[in-house]
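Visitor: Let me begin by handing over the structure; questions about it come next.
The values are calculated or read from the model by the stated rules, or taken from the named source; none is laboratory data. Keep in mind the model is a prediction, meaning the values are calculated, not measured. Note: ideal-geometry Cβ built from the backbone for every residue, glycine included; neighbour counts use all protein chains shown.
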Amino acid sequence: METIHEIILGDSRELSFIKDNTIDLVVTSPPYPMIEMWDSLFSLLNPKVEKLLKSKKGEDAFKLMHEELSNIWKELYRVLKKGGIVCINIGDATRKIDDKFQLYPNHAEIIRQMTRIGFHVLPLIIWRKPTNSPNKFMGSGMLPPNAYVTLEHEYILIFRKDGMRKIEDEDEKNRRYKSAFFWEERNKWFSDVWTDITGVSQFLNNSETRERSAAFPLELAYRLINMFSIYGDTILDPFLGTGTTILSAMIAGRNSIGIEIDQSLIKTINTKIVQAPEISHSIITQRIANHEEFIKQQVKQGKNKHYYCSSLNFPVKTKQETDIVFYTIKEVIEEVHNKKWKCVYNKYP
Ligand SMILES: C[S@@+](CC[C@H](N)C(=O)[O-])C[C@H]1O[C@@H](n2cnc3c(N)ncnc32)[C@H](O)[C@@H]1O
C-alpha cells in the first residue's frame, strides 16, 4: 500500500487547485477568534478587524473574524464528497474589552455558519483535557457573585455534507472492512466527552516561527481519521499548522493535503512528518497490545464468545472486526519534483 501527501503554503480562502467533490474528510483547527495570539493574523486577513479591536468593538470584531473563517468553510463544502465529514477542533474565548468581560462562543458561531452553508450538524465531542494543576480562578476569587467559571474544555464539532456516505463498489467495501476498529476502541472513541487525551506542548523551539504552536495532539487527529474515513481516503486540513493532520493521515494509511499560510512553519512540518515510520510502529503495536489485554480480561471474566481476526491471528469481540488489517509505515519518501511525500507500508505483523 502507498499514500500521497501534499503540503501547500498558501491561503485556504482560495482552494481552486482542489477539484469539487474530491475530499473524504476534513480534520482541522482554525485560529480561535478573540484569542489574542490570533489578533494579528485575523487583522492580516481583514484589516477592519484591527480597527474594530482598537475601537473596542469586541462583538463586531468577533463576527468579522468568523466571516473570514466562513470563506474557508464554504470552500470545504465545495471540495467535500457527498457524505464527507468535517471535524473542527475549537475553543471558546473569554476576553475583557473596555471593562466588559464576556465569553465569545466560537463553537456556537461556527455551528451557525456551517449550517448556513448547508452542512448537517452531527453530535459533537467535548474534549476535556486532563490536568493535574488546581483550577485557575477568574474574577473575584472566593467572593460571590462575580467569579467566573473556568474554561477547561474545547469542542470537536462534526458536520456532514448531504447525508450518509454510500459505499460505491467492491474495492471501497473491502477498504471499509479492513479499516474497522476494535469494539472496545469504539466504546471509548464514540463517547461525547473525551477525557483521556492530554494537550501537547505549545512551545515551538524555533526562532524563525511564532512562539506557540497551537497544535492539537496527534492522538486526537489520528482517532478522528480512524472514526470517519477508510484506508485510501483523502484527508484535508486547511489550517495545517505544525503538520499534525498530515502525520496522522500517514499513520492511518490515508492520503492527505494540508494548507498553511505561515511559511515559517515548513521546517517544523517536515521535521515532524519524517518521524512517521517510528511513530506508526509504536501506535499500531500499542493498539494491538491494548486489544490483547482487553481480550485477556474478557476471558478472565468468563466472556468467551469471540470471533477471529485472520490477519492478526487473534480473537475479536464482533464479526465486524474480523477483516481488520493494520499497516505500519516502512518508508516516507520526499518527491521533490512534484512537492509531495509518499508513504510506503508493510502489512502488520
Ligand atoms: C490552531 S493552528 C492549527 C494547528 C494544527 N492543528 C497543529 O496541530 O499544528 C491554525 C493554523 O492556521 C493557519 N492559518 C490561519 N489562517 C489561514 C489561512 N487563511 N490559510 C491557511 N492557513 C491559515 C495559522 O497560521 C495556524 O498555523
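Visitor: For the range 180-200, does any single residue satisfy the condition of being among the aliphatic types (A, V, I, L, M), under 23 Å from VAL79 (Cα atoms), in contact with a strand residue (DSSP E or B) (Cβ under 6 Å, 6 or more places away or on another chain) and at pLDDT 95 or above? Write out each step before concluding.
Guide: Quick first cut of the range 180-200, residues among the aliphatic types (A, V, I, L, M) only: 180, 193, 197, 200.
After this cut, where a residue has to be under 23 Å from VAL79 (Cα atoms) as well, the list is none.
Looking through the range 180-200, none of the residues is among the aliphatic types (A, V, I, L, M), under 23 Å from VAL79 (Cα atoms), in contact with a strand residue (DSSP E or B) (Cβ under 6 Å, 6 or more places away or on another chain) and at pLDDT 95 or above.
Visitor: Separate question: Within the range 27-39, work out how many residues are within 12 Å of the ligand (Cβ to nearest atom) and either under 17 Å from LEU64 (Cβ atoms) or not in a loop (DSSP other than H, G, I, E, B) (or both).
Guide: Step one: of the range 27-39, the residues within 12 Å of the ligand (Cβ to nearest atom) are 27-33, 35, 37-38.
Subsequent filtering for residues that are either under 17 Å from LEU64 (Cβ atoms) or not in a loop (DSSP other than H, G, I, E, B) (or both) retains 27-28, 30-33, 35, 37-38.
Final tally of qualifying residues: 9.
Residue-by-condition table, conditions (1) under 18 Å from the mean Cα position of the chain (by Cα); (2) farther than 25 Å from THR245 by Cβ:
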| site | (1), (2) |
| --- | --- |
| THR150 | no, yes |
| LEU157 | yes, no |
| MET164 | no, no |
| ASP169 | no, yes |
| ALA180 | no, no |
| ASP192 | yes, no |
| ILE197 | yes, no |
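This table checks each residue for (1) away from the ligand (no atom under 16 Å from the Cβ); (2) under 17 Å from ILE225 (Cβ atoms); (3) of a type in the set (Val, Ile, Thr).
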{"position": "ASP262", "(1), (2), (3)": "no, no, no"}
{"position": "THR271", "(1), (2), (3)": "no, no, yes"}
{"position": "GLU278", "(1), (2), (3)": "yes, no, no"}
{"position": "ILE283", "(1), (2), (3)": "yes, yes, yes"}
{"position": "GLN286", "(1), (2), (3)": "yes, yes, no"}
{"position": "ALA289", "(1), (2), (3)": "yes, no, no"}
{"position": "ILE295", "(1), (2), (3)": "yes, no, yes"}
{"position": "VAL299", "(1), (2), (3)": "yes, no, yes"}
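Visitor: May I ask you to list the residues in the range 175-205 that are among the polar types (S, T, N, Q) and surrounded by 15 or more Cβ atoms within 10 Å (Cβ to Cβ)?
Guide: Of everything in the range 175-205, just one residue is among the polar types (S, T, N, Q) and surrounded by 15 or more Cβ atoms within 10 Å (Cβ to Cβ), namely SER179.
Visitor: Looking at SER248, is it buried (at least 23 other Cβ atoms within 10 Å of the Cβ), hydroxyl-bearing (Ser, Thr, Tyr) and outside any loop (DSSP other than H, G, I, E, B)? Steps first, answer last, please.
Guide: On the way: buried (at least 23 other Cβ atoms within 10 Å of the Cβ): yes; hydroxyl-bearing (Ser, Thr, Tyr): yes; outside any loop (DSSP other than H, G, I, E, B): yes.
In short, yes.
Visitor: Among the residues of the range 224-245, write down those that are near the ligand (Cβ under 8 Å from one of its atoms) and either assigned to a helix (DSSP H, G or I) or not β-branched (Val, Ile, Thr) (or both). Walk me through how you get there before you give the answer.
Guide: Filtering the range 224-245 down to residues near the ligand (Cβ under 8 Å from one of its atoms) leaves 237-245.
Within the range 224-245, ASP237, PRO238, PHE239, LEU240, GLY241, GLY243, THR244, THR245 meet the criteria.
Visitor: Identify, from the list ASP60, ASP98, the residue that is farther than 15 Å from HIS153 by Cβ, of a type outside the set (Gly, Ala, Ser), exposed (fewer than 12 other Cβ atoms within 10 Å of the Cβ) and out of contact with any Ser or Thr (no Cβ under 8 Å at 6 or more places or on another chain). Walk me through how you get there before you give the answer.
Guide: Details: ASP60 fails: exposed (fewer than 12 other Cβ atoms within 10 Å of the Cβ).
Answer to the check: ASP98.
Visitor: Can you name every residue in the range 9-23 that is assigned to a strand (DSSP E or B) and either more than 9 Å from the ligand (Cβ to nearest atom) or farther than 13 Å from PRO238 by Cβ (or both)? Walk me through it before giving the result.
Guide: Our first condition is that a residue be assigned to a strand (DSSP E or B); within the range 9-23, this holds for 9, 23.
Across the range 9-23, the qualifying residue is only ILE23.
Visitor: Also, I was wondering about something else. In the range 197-211, what residues are more than 9 Å from the ligand (Cβ to nearest atom) and in contact with a Pro (Cβ under 7 Å, 6 or more places away or on another chain)?
Guide: Correct list: ILE197, THR198, GLY199.
Visitor: Same structure again: Among the residues of the range 295-346, count how many are more than 21 Å from GLY232 (Cβ to Cβ) and among the small types (Gly, Ala, Ser).
Guide: Summing the residues that are more than 21 Å from GLY232 (Cβ to Cβ) and among the small types (Gly, Ala, Ser) in the range 295-346 gives 1.
Visitor: A follow-up question, please. Tell me the residue from ILE266, ILE284 that is in contact (Cβ under 8 Å) with a residue 60 or more places away in the chain, part of a helix (DSSP H, G or I), under 22 Å from the mean Cα position of the chain (by Cα) and surrounded by fewer than 17 Cβ atoms within 10 Å (Cβ to Cβ), please. Steps first, answer last, please.
Guide: Working: ILE284 fails: surrounded by fewer than 17 Cβ atoms within 10 Å (Cβ to Cβ).
Result: ILE266 is the single residue among ILE266, ILE284 that is in contact (Cβ under 8 Å) with a residue 60 or more places away in the chain, part of a helix (DSSP H, G or I), under 22 Å from the mean Cα position of the chain (by Cα) and surrounded by fewer than 17 Cβ atoms within 10 Å (Cβ to Cβ).
Visitor: Filter the range 246-260 down to residues that are within 10 Å of the ligand (Cβ to nearest atom) and not hydroxyl-bearing (Ser, Thr, Tyr), then give me how many there are. Steps first, answer last, please.
Guide: Quick first cut of the range 246-260, residues within 10 Å of the ligand (Cβ to nearest atom) only: 246-248, 258-260.
Remaining after also requiring not hydroxyl-bearing (Ser, Thr, Tyr): 246-247, 258-260.
The total comes to 5.
Results for (1) of a type in the set (Ser, Thr, Tyr); (2) at pLDDT 95 or above; (3) within 20 Å of THR245 (Cα to Cα), shown as yes or no for each residue.
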position: ALA289; (1), (2), (3): no, yes, no
position: ASN304; (1), (2), (3): no, no, no
position: PRO315; (1), (2), (3): no, yes, no
position: THR318; (1), (2), (3): yes, yes, no
position: ASP323; (1), (2), (3): no, yes, no
position: GLU331; (1), (2), (3): no, yes, yes
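Yes/no per residue for (1) under 24 Å from the mean Cα position of the chain (by Cα); (2) within 16 Å of the ligand (Cβ to nearest atom):
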position: PHE42; (1), (2): yes, yes
position: PRO47; (1), (2): no, yes
position: SER55; (1), (2): no, no
position: HIS66; (1), (2): yes, yes
position: SER70; (1), (2): yes, yes
position: TRP73; (1), (2): yes, yes
position: LEU76; (1), (2): yes, yes
position: VAL79; (1), (2): yes, yes
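Visitor: Run down ALA214, ALA221 and say which single residue is within 12 Å of the ligand (Cβ to nearest atom), aliphatic (A, V, I, L, M), over 12 Å from the mean Cα position of the chain (by Cα) and not in a strand (DSSP E or B). Walk me through it before giving the result.
Guide: Values: ALA221 fails: over 12 Å from the mean Cα position of the chain (by Cα).
The unique qualifying residue is ALA214.
Visitor: Could you check GLY84 against (1) touching a strand residue (DSSP E or B) at 6+ places or on another chain (Cβ under 9 Å); (2) part of a loop (DSSP other than H, G, I, E, B); (3) more than 14 Å from the ligand (Cβ to nearest atom) and say which number it fails?
Guide: (2)
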